[in-house]
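Peer 1: Before we start, here is the structure in question, set down as structure tokens.
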Amino acid sequence: MKKILKILLTIGILVFIIWKFDINLTSLFSSIQNTVYLLLALMFPLFILPLISANRWKLFLKEVGIHENIFELVKISWISVFQGIILPSSQGQDVLRIYYIEKRHPDKRGAAGSTIIIERMIGFVILCILSLFFSIFSTGIPNKKQVVLIIGLISLALFVIILLLMNKRLHRYISNKSFSNKYVNRFFSYFNKVYEAIAYFPYKRVLLSSTVLILLFQLSTIFCVYLIFKAYGCDIPYYQHVAIYPIISILSMVPITISGFGIREGFFVYFYSQLGVASEIAVGVSLFNYMIVVLTPALLGCIFYFIDIFKKKN
């Protein structure tokens with residue numbers, strides 16, 4: 001029932017956006033002026049993003065005593081993207097990444113899963129800093145104060161949550177709790193392991209190297225959006241994308257609709273309209289960005305997933 005409701009909500013939001021902004025669906029494709037830029041954008045999820053992502057994950061895993069090869073981490077990520085398409089939020093695959101890495105390392109339950117959360121935490125901080133800095137110093141944004149205020153409030157909320165997760169005193173207080181219900185107690189036991197791994201993770205040892213890799217990943221992802229806009233003939237300066245796209249990326253993670261559909265397109269329309277971009281182009285870029293950055297690795301993940309099934313049967 002929940003999945004059906006989320007599917008209906010996703011469709012409803014998309015229909016509302018199309019109706020509200022009078023978007024011509026055929027123009028989403030016919031407005032593309034140069035497909036070369038789309039092909040260039042496609043190179044990132046095929047070659048650049050997987051290598052950066054796997055190396056940064058490998059860095060965190062090493063600190064909790066897990067040693068994995070790059071190819072295996074890339075495969076886990078791709079399969080998780082494939083299976084996570086139907087999950088709520090644009091980052092539903094993270095739950096599956098936790099499942100697969102802990103399945104491979106059952107002795108590291110909690111600690112293995114925490115690496116993905118820690119990776120996201122640092123990524124959120126970098127996204128917020130990028131977005132805040134470039135939105136404050138960017139020119140050409142009509143409602144600049146309103147955009148900066150929204151970004152600032154979201155950043156503040158995320159920083160508070162991250163600080164709570166890293167608070168050792170709060171962890172010690174929570175770890176003493178117990179529940180009579182065995183299922184609740186089992187869940188809390190796992191949550192406690194994850195929380196402990198996050199609170200006591202050696203951040204200083206990996207902060208510099210992980211920041212470089214995460215920053216490189218985020219800037220590469222934003223460059224994909226820049227190239228897709230170029231394909232539509234929109235020559236928006238790259239620094240303005242750095243100001244706007246990170247906050248769209250964060251907001252799209254809210255688990256309301258399937259894969260963030262509708263929510264993501266709505267924010268694309270709102271924020272890029274501040275730069276004078278037509279609604280139908282903003283929606284088109286959002287959809288093409290999803291197809292390139294998400295569906296491409298999902299297709300590869302689908303292939304690896306069924307290869308693994310075939311191997312197990314034989």
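Peer 1: Kindly check whether there is at least one residue in the range 286-301 that is of a type in the set (Val, Ile, Thr), under 30 Å from Val147 (Cα atoms) and buried (at least 23 other Cβ atoms within 10 Å of the Cβ). Talk me through it step by step, then tell me what you get.
Peer 2: Keep residues of the range 286-301 that are of a type in the set (Val, Ile, Thr), which gives 292-294, 296.
Of the ones still in play, those that are also under 30 Å from Val147 (Cα atoms) are 292-294.
Right, trim to buried (at least 23 other Cβ atoms within 10 Å of the Cβ) and you get none.
Looking through the range 286-301, none of the residues is of a type in the set (Val, Ile, Thr), under 30 Å from Val147 (Cα atoms) and buried (at least 23 other Cβ atoms within 10 Å of the Cβ).
Peer 1: I'd like to verify a number: residues in the range 29-52 that are under 24 Å from the mean Cα position of the chain (by Cα) and surrounded by 12 or more Cβ atoms within 10 Å (Cβ to Cβ), how many?
Peer 2: Quick first cut of the range 29-52, residues under 24 Å from the mean Cα position of the chain (by Cα) only: 37-52.
Among the residues that remain, those that are also surrounded by 12 or more Cβ atoms within 10 Å (Cβ to Cβ) are: 37-46, 48-52.
Number satisfying all stated conditions: 15.
Peer 1: OK, next. Out of contact with any helix residue (DSSP H, G or I) (no Cβ under 8 Å at 6 or more places or on another chain) and either hydrophobic (A, V, I, L, M, F, W, C) or under 20 Å from Phe188 (Cα atoms) (or both): is that true of Leu170 in this structure? Write out each step before concluding.
Peer 2: Numbers: out of contact with any helix residue (DSSP H, G or I) (no Cβ under 8 Å at 6 or more places or on another chain): no; either hydrophobic (A, V, I, L, M, F, W, C) or under 20 Å from Phe188 (Cα atoms) (or both): yes.
Against the criterion (out of contact with any helix residue (DSSP H, G or I) (no Cβ under 8 Å at 6 or more places or on another chain) and either hydrophobic (A, V, I, L, M, F, W, C) or under 20 Å from Phe188 (Cα atoms) (or both)), Leu170 does not qualify.
Peer 1: Here's a follow-up. Against the conditions (1) at pLDDT 95 or above; (2) under 16 Å from Glu119 (Cα atoms); (3) not hydrophobic (A, V, I, L, M, F, W, C), where does Gln91 fall short? Just the number, please.
Peer 2: Failed condition: (1).
Peer 1: I need every pair where a residue in the range 115-127 that is modelled with pLDDT under 95 has its Cβ under 8 Å from the Cβ of a residue that is of a type in the set (Phe, Trp, Tyr) and surrounded by fewer than 19 Cβ atoms within 10 Å (Cβ to Cβ), sequence separation at least 6 or different chains.
Peer 2: Val125/Phe159
Peer 1: Still on this structure: Taking the range 192-210 as the search range and keeping residues that are out of contact with any Ser or Thr (no Cβ under 9 Å at 6 or more places or on another chain) and surrounded by 14 or more Cβ atoms within 10 Å (Cβ to Cβ), which one is farthest from Lys58 (Cα to Cα)?
Peer 2: Just the residues of the range 192-210 that are out of contact with any Ser or Thr (no Cβ under 9 Å at 6 or more places or on another chain), to begin with: 199-200, 202, 204-210.
Imposing the further condition that a residue be surrounded by 14 or more Cβ atoms within 10 Å (Cβ to Cβ) reduces the set to 199, 206, 210.
Values: Ala199: 19, Val206: 11, Ser210: 10 Å.
Per the stated criteria, the residue is Ala199.
Peer 1: Let me ask another. Residues that are in contact with a helix residue (DSSP H, G or I) (Cβ under 6 Å, 6 or more places away or on another chain), in a loop (DSSP other than H, G, I, E, B) and more than 18 Å from Leu227 (Cβ to Cβ): does the range 30-43 have at least one?
Peer 2: no
Peer 1: When you go through (1) part of a helix (DSSP H, G or I); (2) of a type in the set (Gly, Ala, Ser); (3) at pLDDT 95 or above one by one for Gly266, which number turns out not to apply?
Peer 2: Status for Gly266: all satisfied but (3).
Peer 1: Go through (1) free of Cβ contacts under 8 Å to residues at least 40 places away in the same chain; (2) closer than 17 Å to Phe223 by Cα for Ile292 and report which single condition fails.
Peer 2: All conditions pass for Ile292, except number (1).
Peer 1: Also, I was wondering about something else. Output the number of the condition that Leu164 fails; it satisfies all remaining conditions of (1) touching a Leu at 6+ places or on another chain (Cβ under 9 Å); (2) surrounded by 15 or more Cβ atoms within 10 Å (Cβ to Cβ); (3) without any contact (Cβ under 8 Å) to a residue 24 or more places away in the chain.
Peer 2: Here Leu164 meets the rest and fails (2).
Peer 1: Considering the range 64-116 alone, what residues qualify as being farther than 25 Å from Leu299 by Cβ and in a helix (DSSP H, G or I)?
Peer 2: So the first thing to find is which residues in the range 64-116 are farther than 25 Å from Leu299 by Cβ, and the list is 64-67, 102, 105-115.
Scanning the range 64-116 gives Glu102, Pro106, Asp107, Lys108, Ala111, Ala112, Gly113, Ser114, Thr115.
Peer 1: Sticking with this structure for a sec: So, in the range 261-275, how many residues would count as being under 26 Å from Lys144 (Cβ atoms) and touching a residue at least 40 places away in the same chain (Cβ under 8 Å)?
Peer 2: Our first condition is that a residue be under 26 Å from Lys144 (Cβ atoms); within the range 261-275, this holds for 263-275.
Now narrow it down to the ones that are touching a residue at least 40 places away in the same chain (Cβ under 8 Å): 263-266, 269, 271, 274-275.
Of the residues in that region, 8 qualify.
Peer 1: Mind counting the residues in the range 53-82 that are surrounded by fewer than 19 Cβ atoms within 10 Å (Cβ to Cβ) and in contact (Cβ under 8 Å) with a residue 60 or more places away in the chain?
Peer 2: Counting residues in the range 53-82 that are surrounded by fewer than 19 Cβ atoms within 10 Å (Cβ to Cβ) and in contact (Cβ under 8 Å) with a residue 60 or more places away in the chain gives 4.
Let's see how each residue does on (1) within 24 Å of the chain's Cα centre (by Cα); (2) part of a helix (DSSP H, G or I); (3) within 30 Å of Ser31 (Cα to Cα):
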site	(1), (2), (3)
His171	no, yes, no
Ser180	no, no, no
Phe188	no, yes, no
Ile198	yes, yes, no
Phe201	yes, no, no
Val212	yes, yes, no
Lys230	yes, yes, yes
Asp235	no, no, yes
Tyr239	yes, yes, yes
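Peer 1: In this structure, is Lys182 in contact (Cβ under 8 Å) with a residue 24 or more places away in the chain and among the basic types (Lys, Arg)?
Peer 2: Values: in contact (Cβ under 8 Å) with a residue 24 or more places away in the chain: no; among the basic types (Lys, Arg): yes.
For Lys182, the condition - in contact (Cβ under 8 Å) with a residue 24 or more places away in the chain and among the basic types (Lys, Arg) - is not met.
Peer 1: For the range 219-253, what are the residues that are modelled with pLDDT under 95 and either charged (D, E, K, R) or touching a strand residue (DSSP E or B) at 6+ places or on another chain (Cβ under 6 Å) (or both)?
Peer 2: Correct list: Asp235 only.
Peer 1: Still on this model: Going by the conditions given, is Val147 in a helix (DSSP H, G or I), in contact with a Phe, Trp or Tyr (Cβ under 9 Å, 6 or more places away or on another chain) and within 19 Å of Ile248 (Cβ to Cβ)? Don't jump to the end; show me each part of the working.
Peer 2: Values: in a helix (DSSP H, G or I): yes; in contact with a Phe, Trp or Tyr (Cβ under 9 Å, 6 or more places away or on another chain): yes; within 19 Å of Ile248 (Cβ to Cβ): yes.
Considered against the rule, which asks whether it is in a helix (DSSP H, G or I), in contact with a Phe, Trp or Tyr (Cβ under 9 Å, 6 or more places away or on another chain) and within 19 Å of Ile248 (Cβ to Cβ), Val147 comes out as yes.
The values are calculated or read from the model by the stated rules, or taken from the named source; none is laboratory data. In this text, all values refer to a predicted model and were calculated from it rather than measured experimentally. All Cβ positions, glycine included, derive from the backbone under ideal geometry; neighbour counts span all protein chains shown.
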